[in-house]
Amino acid sequence: MALAQMQAMPAGRLSGAVDCDVQITVPKWEDLLPFMEPFWRDSVVQRGIGLLETVAYPRKAPFTVRADWRSAEPPSATDQLDRMRANLLDRYGLSAAVVNCLYGVQVLQSEDMAAAYARALNDWVAHEWLDREPRLRGSIVVPMQNPDMAVAEIERLAGDRRFVQVLMLVMGEMPLGKRYYWPIYKAAEKHGLPIGVHAGSAYRHPVTGLGWPTYWSQDYFSQAAAFQTQLTSLITEGVFAAHPGLKVVLAEGGFSWLPPFLWRLDKYWHGLRFEIPWVDRLPSEIVASNVRFTVQPTDLPPRPDQVEKLFEHLGSDDLLLFATDYPHWQFDNDDMLPVGMPERYVDKMLVANPHATYSRLGGVKP
């Protein structure tokens, strides 16, 4: 993103804001062993299963971690948390941050092992992060390979209100609107937990519609198309008709593609709605009431007046959630807001929209 597209963000401007997408990583595969049952702990050691990664950011790429945010490899949870406090939480005076741990639970072929890893990962997040920093909120990682096991993990952690959403990947086994996944949505709606759909893949299928790409950059660029496909699936297959109280947060997929996408979806809904009668209102209306988007990465036109026009086309100031995608460097220097973004969007994006989306933030004071 060019510097001309961004406006300065004084630290005080973010005071009380909620960061809705902060990345944390498991430093070493051994770190999860204390949180596993003996059988699975022995299985992991005996099989020689190493570190699992779902989103393999190039470690030395400049946008993976800003130069002054880098630490020793691999950084321990303590080191990560200390740096997060200094570089993000304390520096900007944030009231809360939702942490997402994109570990390779979904790439495992064994459903039982995936469930064991999900339990260990969530307990590790609670112990190493949530217990040590009251401003942090967690995302429940679930084994998407088995909805019953995923529901069991949601039920296990639902009583811990520091977990504020259920985390799924944008590219898994099948479209997310399929009824296979509906038990997960029912459990999430029951407990007031949004579904966070984050960039990433289980790599069961190519990340493009035309086969496997050659370079990681192609994988990364293809994420936006996956978000569009999944949003279409969630709407047309009737997820929001069956679960009207469910919120879905699309994280790290951008949002500038949304207006033309909805124009097209609304248009074809008018002509094809006889096939999907449960979609009883415009897709754009469903998105306005049930879907939210994190603001980073922000892909915008080069001129401020064009940016302003984009926000006009969005049509709602409820859609966007503030996010830095820390420690990934999706913005320039300390500048985080698009030039031309109306003030009403800024104010709501920082505080009101996150609190309206994540009901479990009720105890967090801006």
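If you scan the stretch 220-245, which residues turn out to be over 15 Å from the mean Cα position of the chain (by Cα) and buried (at least 22 other Cβ atoms within 10 Å of the Cβ)?
First pass over the stretch 220-245, keeping only residues over 15 Å from the mean Cα position of the chain (by Cα): 221-222, 225, 229, 232-245.
Selection gives L234, I235, V239, F240.
Having 1 or more residues that are at pLDDT below 90 is the bar; report the helices (runs of 4 or more DSSP H) wholly within the stretch 188-248 that clear it.
On the way: elements: 216-221, 223-236, 239-242.
Counting at least 1 such residues, we get 216-221, 223-236.
Only one of these is in contact with a strand residue (DSSP E or B) (Cβ under 8 Å, 6 or more places away or on another chain) and either closer than 23 Å to C101 by Cα or surrounded by fewer than 14 Cβ atoms within 10 Å (Cβ to Cβ) (or both): G196, G209, G192. Name it.
Values: G209 fails: in contact with a strand residue (DSSP E or B) (Cβ under 8 Å, 6 or more places away or on another chain); G192 fails: in contact with a strand residue (DSSP E or B) (Cβ under 8 Å, 6 or more places away or on another chain).
Selected residue: G196, the only one of G196, G209, G192 that is in contact with a strand residue (DSSP E or B) (Cβ under 8 Å, 6 or more places away or on another chain) and either closer than 23 Å to C101 by Cα or surrounded by fewer than 14 Cβ atoms within 10 Å (Cβ to Cβ) (or both).
Look through the stretch 258-300, keep the residues that are surrounded by fewer than 19 Cβ atoms within 10 Å (Cβ to Cβ), of a type in the set (D, E, K, R) and not in a helix (DSSP H, G or I), and return whichever of them is modelled with the lowest pLDDT.
D299
The values are calculated or read from the model by the stated rules, or taken from the named source; none is laboratory data. Being a predicted model, the structure only gives us computed values, none of them experimental. Glycine gets a Cβ as well: all are built from the backbone with ideal geometry, and neighbour counts include every protein chain shown.
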